[in-house]
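Trainee: Attaching a single structure in C-alpha cells format; questions to follow.
The values are calculated or read from the model by the stated rules, or taken from the named source; none is laboratory data. This one's a predicted model, so the numbers in the text were calculated from it and none came from an experiment. Neighbour counts are summed over all protein chains in view; Cβ atoms, including those assigned to glycine, are modelled from backbone coordinates with ideal geometry. The area values use the complete protein model at the heavy-atom level, side chains included, leaving out ligands, DNA and RNA. Shrake-Rupley method; radii C 1.70, N 1.55, O 1.52, S 1.80 Å.
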Amino acid sequence: MSQDKTFLALADFLIPAHGEMPAFGSVCSFADAQKALDFRVDLKEGFDRGLDADPALSAEAHLEKLNKEDGAAFSAVTTIAICTYYMNPRVRELLGYPGQESVQYDSKATQIYLTDGSLGHVLARGRKYRPTPGL
Amino acid sequence: MNVESLSERGARARRDEEVDVAIVGAGPSGSVAALHLARAGLSVVVLEQGEWPEYNDYTGARPEHELVSTKLWHPNPNVRDNPNDYPVDTSTTDINPLMFAGVGGSATLYGAQWMHFLPSDFRVRSLDGVAEDWPFSYEDLLPYQLEIEREVGVSGLAGDPAFPPRGPYPFPALPIGSVGLRGALGMERMGWHWWPGSNAIPSEKFGELNACVRRGTCLTGCPEGAKSTTDRSHWPLALKAGARLVTRARVKEVETNEQGLATGVVYVDANGRDRRQRAKLVILCANGVGTPRLLLMSGGAKNPDGLANSSGMVGKRLMMHPFASILASYEDPLDSWRGPFGQQVYSLEFYETDERRGFVRGSKWNCMPSGGPVGVSGAIGSKVYVAEEGRFQDFWGANLHENVARRFGHSLIWGIVGEDLPEENNQVVLSKDLVDSDGLPAPQIVYKVNENSNRLLQFNIDRCLESVHAAGAIETLVSTPVRESGWHLIGTTVMGDDPRRSVVDQWGACHDVPNLYIMDASTFPTSGATNPTATIMAVALRNTRRMIAERRNQKVA
C-alpha cells in the first residue's frame, strides 16, 4: 500500500468521525500531513518507518504493533496525525478554537473580585504567614 | 535602538585584556550583576553559551504552535536537542532538570510566576528544626526584591495576607479570566487562601516590554515580547552602560593562580576554539546544574574534587521542587486557552508547617489555563496525563473526541509546588560517558523524591481535589510527581558561614577562592516552595551592591 493510503487509514482509525467532528480524512489530506512534518523534521525517520505497514494487518493491529515495538515511529505518526487535524481551520471552527489569540483588555479596569466581596473574604480570614523577627 | 538590534553589539574583549569582572551566564542573575556592575563603572564581559532569542521563532501566534513547541521550545534540553545546550544524564533521577541556554537564560521558557520567598523560608531551622536558616532574613532581602520588581516590570496586587505588608506592584494585576475565577471559586468555597496572580509580565508597555495580550504561550517563548526576560528588561540597559556580551561562548574552566585566586576563565567560542578571558573577579550564574558542573570541571591537579570544593559540598543538596498537577474540567466554558500562563491565581493556604499533616514545610499552588486541544487530549507530548502502561486506544478514536470536548476550553490546571528539603545524596556529578557538543562532560543528576515530599504532595493533591470538586469539576486528572518538572535548580553550592559546611559566604564569595562569586540559586540553603526567580535576582542584586561597595577591599590576583 502507498504511504498516503497507509497514513490515511491509520489517521482515520486514530481520528474517526464522532458527533459533529469529522474523520481525519474528511478534512485533511496526506499533503497536509507532509506540510506538518516539515515543521518537525526530527519525526521524519520515525514517520516513514511507521508507514511501512504489513498489508495483512488492520490499522488497529498495525498501530498496536508499532506502539509495542517502535515507540518513536508510533509517536511520529500519531503526533503528525493529531497536530495536522487540530491545525485544520474547519476543525478549529467546530471546536470554537481561534488559536492562541490576542485578547485586548483595560489594565486599569476594576476586577470583579474586588467588588463581589470574594477577595474581601480572603482578607477577613486574616494573616497567613509566620513572622520571624528576632529569629 | 530596539532589542532586535542588540545582538550586533557587545563585542568580546581585546586579546589578553583583563577586565574587572567576567560573568558566566546571561540569565536572570548574570544580567542583574552585569547591569549594575557596568553602571558602577566596572569593565564587564559576560560569556553566554546560547544566543540572542529570535522572537520570530516563537510560534505561539501561529497554527503550528502545539506541533513545534513540543520540540523546539521543550524545556528539557535532552528533548530540544539544540547544540547550544548541554545534554544532561537523567538516568539516575526521578525528576528531569529543565533549562535553556541563551540571553535571558532559562526564563526564556518560564511561566513568569513572580513570587517572593516567605519570612519562614529564611528560618526553617529555627521554626521547624530542619535544614538550615539563611544567613540573612526576609526583611534584609525585601528592599532588593522591590527594586528588582521595578526593573523587571511585575504586575500584581499588593495586600496579600500571606505576606508581610508591602508596597504596590509596578503594574496592575493581569486579568485572571474565567480560569482564575473558577480556581478562586473552589478555594472560596473551602474557605482557603487565594490571591490574584503576580507575574513578571507587565500589563502595560514598559521599556522594551510590550503589554501582555494574554496569548497564553508563556512557557514556550513569548512572541509578543511581553513576558519579562532579561534580554529585554536588562540587556538594553547593560549594553548602554558598557557591559560586553559574548554569545556562543561555553566556559569550560575557571582558572586560578598559585595563590588560589581566580584569574579568569577559558571558554570555547562559536568556532570551537579555546579562548581565555582574564578577569579580576569571576561570577558564576550558570544555574544549579551548570554552576557546580563548571566547578567540578575546574581546579586542575591541585583540586581533583573540583574548584572551591574543600567542603565537599559542590554539587550536593540539589533541590528541584517536586511538582504535582491536577487538571479539572467543568461543564461551562472557561476559554481555557487564554493566558496568562503564568499564574492567574495562586494559593499559599498550605505553605507553612502543620505537624499534624505528617510532613514539614509546605506548598504553593498556582492556577493556570490548560491550553490547546492537542495538549489537553493527553494523547501525545509529555505524557503528563498518560499512564505508560495504558492502552493507546484510551486516547484515540471516539475517546479522543470525547476527551477534547470535555476538557478543551473547559478546564484549568492547578500546579502544586512542594518545598524540597536539602539532602546530600541528591546531587550533580559529572557524567562518565555523556559529553556536550564541545566534548565536555555532561552533568549527571542523582536525585530521589524523598518521603517528606511524597507525603506533602499527596496531602496537597487530596486538598486540591476537594477544592476543584467544590467548584463543580466533572473530571479530574492527577499527575505526581511530574517527571518533566525540574524548572527550579537550587542548592548545589550552598551559602553559609562555616567553610567546612558551605561553598560561599552570604555575599556569594567562595570561601576557598575569595574573588570567585556565585550568584544563582545554587547558593540557596533551602528551596522555599515559591518560584525562585524573584529571589534569585534579588540576591544577585544584594551581592552585586556589596561587591561594588567593597571593591577596594576585594582581594584579587
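Trainee: In the list B:ARG189, B:ARG215, B:ARG232, which residue meets the criterion of being crowded, with 24+ Cβ neighbours inside 10 Å and either among the β-branched types (Val, Ile, Thr) or part of a helix (DSSP H, G or I) (or both)?
Mentor: On the way: B:ARG189 fails: crowded, with 24+ Cβ neighbours inside 10 Å; B:ARG215 fails: either among the β-branched types (Val, Ile, Thr) or part of a helix (DSSP H, G or I) (or both).
When all the criteria are applied, what remains is B:ARG232.
Trainee: Filtering segment B:61-92 down to residues that are among the β-branched types (Val, Ile, Thr) and in contact with a Lys or Arg (Cβ under 8 Å, 6 or more places away or on another chain), which residue is nearest to B:MET319 (Cα to Cα)?
Mentor: B:VAL79
Trainee: Taking the residues in segment A:96-109 that are of a type in the set (Ser, Thr, Tyr) and under 30 Å from A:PHE24 (Cα atoms) as candidates, determine which candidate is farthest from the other protein chains (Cβ to nearest Cβ).
Mentor: A:TYR97
Trainee: Condition first: at the interface with another protein chain (Cβ under 8 Å from one of its Cβ atoms) and without any contact (Cβ under 8 Å) to a residue 60 or more places away in the chain. Now tell me which residues in segment B:374-383 satisfy that.
Mentor: Those that are at the interface with another protein chain (Cβ under 8 Å from one of its Cβ atoms) and without any contact (Cβ under 8 Å) to a residue 60 or more places away in the chain: B:SER377, B:ALA379.
Trainee: Looking at segment B:120-145, which of its residues are open to solvent by 10 Å² or more (accessible area, probe 1.4 Å), closer than 14 Å to B:PHE524 by Cα, of a type outside the set (Lys, Arg) and at the interface with another protein chain (Cβ under 8 Å from one of its Cβ atoms)?
Mentor: Answer for segment B:120-145, where residues must be open to solvent by 10 Å² or more (accessible area, probe 1.4 Å), closer than 14 Å to B:PHE524 by Cα, of a type outside the set (Lys, Arg) and at the interface with another protein chain (Cβ under 8 Å from one of its Cβ atoms): B:ASP133, B:SER137, B:TYR138.
Trainee: Among (1) within 14 Å of chain A (Cβ to nearest Cβ); (2) open to solvent by less than 20 Å² (accessible area, probe 1.4 Å); (3) of a type in the set (D, E, K, R), there is one condition B:ASP436 misses while meeting the rest; what is its number?
Mentor: Every listed condition holds for B:ASP436 apart from (1).
Trainee: Further question: Given the residues A:PHE39, A:PHE47, which is the only one that is more than 30 Å from B:SER363 (Cβ to Cβ), aromatic (Phe, Trp, Tyr) and open to solvent by 20 Å² or more (accessible area, probe 1.4 Å)? Even if it seems obvious, please write down each step before you answer.
Mentor: Details: A:PHE47 fails: open to solvent by 20 Å² or more (accessible area, probe 1.4 Å).
Only one candidate qualifies: A:PHE39.
Trainee: Quick one: which residue in A:GLU60, A:GLU93, A:GLU69 is more than 7 Å from chain B (Cβ to nearest Cβ), at pLDDT below 95 and open to solvent by 60 Å² or more (accessible area, probe 1.4 Å)? Break it down stepwise before answering.
Mentor: Working: A:GLU60 fails: at pLDDT below 95; A:GLU93 fails: at pLDDT below 95.
Selected residue: A:GLU69, the only one of A:GLU60, A:GLU93, A:GLU69 that is more than 7 Å from chain B (Cβ to nearest Cβ), at pLDDT below 95 and open to solvent by 60 Å² or more (accessible area, probe 1.4 Å).
Trainee: Follow-up. Considering B:GLY371, B:GLY358, B:GLY415, which residue is more than 11 Å from chain A (Cβ to nearest Cβ), modelled with pLDDT of 95 or more and open to solvent by 10 Å² or more (accessible area, probe 1.4 Å)?
Mentor: B:GLY358
Trainee: Also: Take segment A:1-24 and flag every residue that is away from chain B (no Cβ under 14 Å) and surrounded by fewer than 18 Cβ atoms within 10 Å (Cβ to Cβ).
Mentor: If the condition is that a residue be away from chain B (no Cβ under 14 Å) and surrounded by fewer than 18 Cβ atoms within 10 Å (Cβ to Cβ), then A:MET1, A:SER2, A:GLN3, A:ASP4, A:LYS5 are the ones that fit.
Trainee: Sort through A:PHE24, A:PHE30 and tell me the only one that's closer than 16 Å to B:VAL374 by Cβ and in contact (Cβ under 8 Å) with a residue 12 or more places away in the chain.
Mentor: Answer to the selection: A:PHE24.
Trainee: Taking the condition away from chain A (no Cβ under 13 Å), farther than 24 Å from B:PHE117 by Cβ and either open to solvent by 10 Å² or more (accessible area, probe 1.4 Å) or not hydroxyl-bearing (Ser, Thr, Tyr) (or both), does B:LEU400 pass?
Mentor: In short, no.
Trainee: Looking at this structure, is B:ARG293 farther than 20 Å from B:GLU132 by Cβ and in a helix (DSSP H, G or I)?
Mentor: Yes: the conditions hold for B:ARG293.
Trainee: Pull up segment B:331-348, narrow it to residues that are surrounded by fewer than 24 Cβ atoms within 10 Å (Cβ to Cβ) and of a type in the set (D, E, K, R), then point me to the one that is farthest from the other protein chains (Cβ to nearest Cβ).
Mentor: B:GLU331
Trainee: What are the pairs, 6+ residues apart or on separate chains, where a residue within segment B:471-482 that is touching a residue at least 40 places away in the same chain (Cβ under 8 Å) has its Cβ under 7 Å from a residue that is open to solvent by 20 Å² or more (accessible area, probe 1.4 Å) and part of a strand (DSSP E or B)?
Mentor: Short answer, once both residue conditions are applied: B:PRO481/B:PHE323; B:VAL482/B:PHE323.
Trainee: Can you pull out the residues in segment B:310-344 that are more than 18 Å from B:VAL179 (Cα to Cα) and assigned to a loop (DSSP other than H, G, I, E, B)? Before you say what the answer is, go through the steps one by one.
Mentor: Taking segment B:310-344 as the starting set, the residues that turn out to be more than 18 Å from B:VAL179 (Cα to Cα) are B:310-324.
The answer is B:SER310, B:SER311, B:GLY312, B:MET313, B:VAL314, B:GLY315, B:ARG317, B:LEU318, B:MET320, B:HIS321, B:PRO322.
Trainee: Among B:LEU72, B:LEU67, B:LEU98, B:LEU109, which is the only one that is within 19 Å of the chain's Cα centre (by Cα) and within 10 Å of chain A (Cβ to nearest Cβ)?
Mentor: Of the residues listed, the single one that is within 19 Å of the chain's Cα centre (by Cα) and within 10 Å of chain A (Cβ to nearest Cβ) is B:LEU72.
Trainee: Return yes or no: is B:PHE117 assigned to a loop (DSSP other than H, G, I, E, B), more than 30 Å from B:VAL468 (Cα to Cα) and open to solvent by less than 10 Å² (accessible area, probe 1.4 Å)?
Mentor: In short, no.
Trainee: Looking at segment B:146-170, which of its residues are open to solvent by less than 20 Å² (accessible area, probe 1.4 Å), part of a loop (DSSP other than H, G, I, E, B) and closer than 19 Å to B:GLY342 by Cα?
Mentor: Once the filter is applied, which keeps residues that are open to solvent by less than 20 Å² (accessible area, probe 1.4 Å), part of a loop (DSSP other than H, G, I, E, B) and closer than 19 Å to B:GLY342 by Cα, segment B:146-170 yields B:GLY153, B:VAL154, B:GLY156, B:ASP160.
Trainee: Taking only segment B:220-246 into account, find how many residues are hydrophobic (A, V, I, L, M, F, W, C), within 14 Å of chain A (Cβ to nearest Cβ) and touching a strand residue (DSSP E or B) at 6+ places or on another chain (Cβ under 9 Å). Walk me through how you get there before you give the answer.
Mentor: Initial filter on segment B:220-246 (hydrophobic (A, V, I, L, M, F, W, C)): B:222, B:226, B:235, B:237-239, B:241, B:243, B:245-246.
Checking the rest, the ones that are also within 14 Å of chain A (Cβ to nearest Cβ) come to B:222, B:226.
Now restrict to residues that are touching a strand residue (DSSP E or B) at 6+ places or on another chain (Cβ under 9 Å): B:226.
Residues flagged as hydrophobic (A, V, I, L, M, F, W, C), within 14 Å of chain A (Cβ to nearest Cβ) and touching a strand residue (DSSP E or B) at 6+ places or on another chain (Cβ under 9 Å) within segment B:220-246 amount to 1.
Trainee: Same structure again: How about segment B:46-85: which of its residues are assigned to a helix (DSSP H, G or I) and among the hydroxyl-bearing types (Ser, Thr, Tyr)? Show your work before the answer.
Mentor: Taking segment B:46-85 first, the residues assigned to a helix (DSSP H, G or I) are B:55-57, B:65-69, B:77-80.
Correct list: B:TYR55, B:SER69.
Trainee: Shifting gears a bit: Could you identify the single residue in A:TYR113, A:TYR85 that is at the interface with chain B (Cβ under 7 Å from one of its Cβ atoms), in contact with a helix residue (DSSP H, G or I) (Cβ under 6 Å, 6 or more places away or on another chain) and modelled with pLDDT of 95 or more?
Mentor: Checking each option against the conditions leaves just A:TYR113.
Trainee: So, one more: B:THR533: surrounded by fewer than 24 Cβ atoms within 10 Å (Cβ to Cβ) and either closer than 22 Å to B:MET368 by Cβ or at pLDDT below 95 (or both), yes or no?
Mentor: The answer is no for B:THR533.
Trainee: Just give me the residues in segment A:103-135 being surrounded by 14 or more Cβ atoms within 10 Å (Cβ to Cβ) and not aliphatic (A, V, I, L, M), in sequence order.
Mentor: A:TYR105, A:SER107, A:GLN111, A:TYR113, A:SER118, A:HIS121, A:LYS128, A:TYR129, A:ARG130, A:THR132
Trainee: Now for a different question. Quick check: is even one residue across segment B:190-200 more than 11 Å from chain A (Cβ to nearest Cβ), at pLDDT 95 or above and closer than 22 Å to B:ASP57 by Cβ?
Mentor: Yes.
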